Structure formats: C-alpha cells, structure tokens
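Chemist: Structure provided below as structure tokens; questions to follow.
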Amino acid sequence: MSDVRNVIVIGGGPAGYTAALYTARANLEPLVIEGFNWGGQLMITSDVENYPGYPDGVLGPTMMQDFRRQAERFGAEFVTDDVTRVDFSERPFKVWVGDDLYEAEAVIVATGASARQLGLESEQRLQGRGVSYCATCDASFFRGKVVVVVGGGDSAMEEATFISRFASKVYLVHRRDEFRASRIMVDRARADEKIEFVLNKVVEEVLGDTSVTGVRLRDTVTGETSELETDGFFVAIGHDPNTALFLDWLDHEPGTGYLLTKGKGTQTNIPGVFAAGDVQDHVYRQAVTAAGSGCAAALDAERFLAAERQRRASEAQPV
C-alpha cells in the first residue's frame, strides 16, 4: 500500500495533463495514472491547427507530449497503466492498478471519451490520413475537396453541414433511409446544396494506401457493391465516455454514461471527486475546452483540500 497522496489524476489527455500541471504547481504532488494508451484522441489526430499557442499547427501526439512534459517539469508523477478498480466510499479514496493500490484525499477523473468506430481495418490504418472523427478539428483540411460522412444522427447532420463550409461536396452515407436525427437537423442538411444523401449503404472498406482515396459501399437492400471517390472520411456515429469504472459511484446521465458535475464546477456527487474533460462534456469535445476543464478541476481540488485542512485544524484545537 502506497502513502496517501493529495491528488490522483486518472487519465492522460488534455484534461488530465492540465489538471496535473495545475495541481503540481500548487505543490500537491499529483500522481497521474495516465492509462496505457495515454494522450487520448489527440494520439490519432495528425495536424492540430486550432489550439492556441501553436500558430503553425502541431501534430496531436507532439502536443500531448508537450502537455505531459510540462506537468512532469513541476513534479507530477506518472503511472503508464490503466486503472482497474476504484473505491470512493470514504477518504482516502482507493484506486487500483492491477494489484497495486494508490490512495488520495482527492481524485480527478479525466478519462475522456472514445469516438465510436466502424471497426474496419482500413479505417484504423488511415486514421489521421483522411479518416477523422471530428469535423470542427479537421474540416478545414478538406477545403475544396470531396468528403464522405457516415452516420444518421444529429451529430452526423451537424458534421456534414459544418464540413460543407469547406468541402466542394459532402456525401452523407447512412445504412437506412430513415434517421435518428431530429427533423430540423435533417431538413437543414437536405437544404444544403453541397450535401448529397447516400442511403441504404454501409461502408465495407476505406480505400487508399497512404491517404484516403475512396470508400467501398454495399447496398443494404440489393447487396450490390460500389465505390465512391473521396478525399476525406468522417465517422460521425457518436462517442462513448470512458466511465465504466465509475458508474457505481458517480452520478451520470442515464443511457450515455457521461458524468454529472454540480453547477459550473467540476465537483461530482462525492465530495473530493472531480470530473473534467470529455468524460463529462458531450457538447464541445475540444482539446482546448478539455484543458480548461482540467484547470478548473485542479483549482476545485486545491480549494477542497485547503478547506479540509482548515476543518481538521479547527477540530484539533481544544475547546
């Protein structure tokens, strides 16, 4: 059993590393259990051009290495492995990595969310080479080009509409001829002259060796296959927060699993446990908003620990 820490940060993305930076600079000596696949969704993003401070753009993995190195500079300690179990029933809170137990007076949950994927080998191979899961992140790279968007929900309609500001043509591919998206979102996409609906089709393969050149489609009614030339391939079938470990402890949205925080802060239903980044944000999902949320969680944790120290000092004084 390790010594009780001030703060444990669970997660190694923009939110987790920013929380680590701020808690480290506050002399809280955070332990960051960053996960085996640290860096989050930025690790499958090639060029990032919309993060302040990088005027020439930056590779996603490079930016995450910068975040990590900056937190480490101020004393953050890292465990590059996955949390396997938590116990938030009392303080100190308990966090396990396999058989190793770590304890802390405060915990910041920043495990992020994962974009749902189609599960194609070609999709994974071409990630960052024309395959994307974020229109607001990558649409500008396809200015004047042809793009395919896959999905049938509000997010797919929103992504297609956003991408059409840059692309010359957007094909919206959906496996049925009906949509989960709201009527107003569908009507908005249909009214866009650059968007063409390709219905009753599923993607069997993303084509291209070093970059996306097209997709192979299968008709869900006839079974016939066809190919569609494209420069970009956006998967817009939703995100899943990485919250399975915490659902028995922390309040969350029914059905989605996104963690709930109180008011404008990052405090969860358990005092001393905070949530930051995409694990509790299904609206913005940007690196910069996740980093801001990580900063907020660190400040909230610092104030919580200061209040606890003051309370214990008051209780220790003789009456």
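The values are calculated or read from the model by the stated rules, or taken from the named source; none is laboratory data. Quick caveat: nothing in here was measured; it's all calculated off a predicted structure. Note that each Cβ is placed from the backbone with ideal geometry, even for glycine, and that neighbours are counted across all protein chains shown.
Chemist: For region 201-213, enumerate the residues that are part of a loop (DSSP other than H, G, I, E, B) and either without any contact (Cβ under 8 Å) to a residue 12 or more places away in the chain or surrounded by 17 or more Cβ atoms within 10 Å (Cβ to Cβ) (or both).
Modeler: 208, 209, 212
Chemist: Let me ask something else. If you check 302, 229, which single one turns out to be at pLDDT 95 or above and closer than 25 Å to residue 173 by Cα?
Modeler: The unique qualifying residue is 229.
Chemist: Also: Has region 179-186 got any residue that is farther than 19 Å from residue 285 by Cβ, modelled with pLDDT of 95 or more and not in a helix (DSSP H, G or I)?
Modeler: No: region 179-186 contains no residue that is farther than 19 Å from residue 285 by Cβ, modelled with pLDDT of 95 or more and not in a helix (DSSP H, G or I).
Chemist: Moving on to the next point. Would you check if there is a residue in region 105-124 being surrounded by fewer than 16 Cβ atoms within 10 Å (Cβ to Cβ), in the same structural domain as residue 165 (by TED's automatic domain parsing) and modelled with pLDDT of 95 or more?
Modeler: Scanning region 105-124, I find at least one residue that is surrounded by fewer than 16 Cβ atoms within 10 Å (Cβ to Cβ), in the same structural domain as residue 165 (by TED's automatic domain parsing) and modelled with pLDDT of 95 or more, so the answer is yes.
Chemist: Being loosely packed, with under 14 Cβ neighbours inside 10 Å and at pLDDT below 95 is the requirement here; does residue 61 meet it?
Modeler: So residue 61 fails the test.
Chemist: Next up: Just one of 240, 219 is in contact with a Lys or Arg (Cβ under 8 Å, 6 or more places away or on another chain) and modelled with pLDDT under 95; which is it?
Modeler: It is 240.
Chemist: Would you confirm, using the coordinates I've provided, whether residue 147 is touching a helix residue (DSSP H, G or I) at 6+ places or on another chain (Cβ under 8 Å) and not in a helix (DSSP H, G or I)?
Modeler: yes
Chemist: Also, quick follow-up: In this structure, is residue 132 crowded, with 24+ Cβ neighbours inside 10 Å, farther than 26 Å from residue 247 by Cα and among the polar types (S, T, N, Q)?
Modeler: Spelling it out, residue 132 is indeed crowded, with 24+ Cβ neighbours inside 10 Å, farther than 26 Å from residue 247 by Cα and among the polar types (S, T, N, Q).
Chemist: Here is a follow-up. In region 75-104, how many residues are crowded, with 16+ Cβ neighbours inside 10 Å and either of a type in the set (Lys, Arg) or not assigned by TED's automatic domain parsing to the domain that holds residue 287 (or both)?
Modeler: 2
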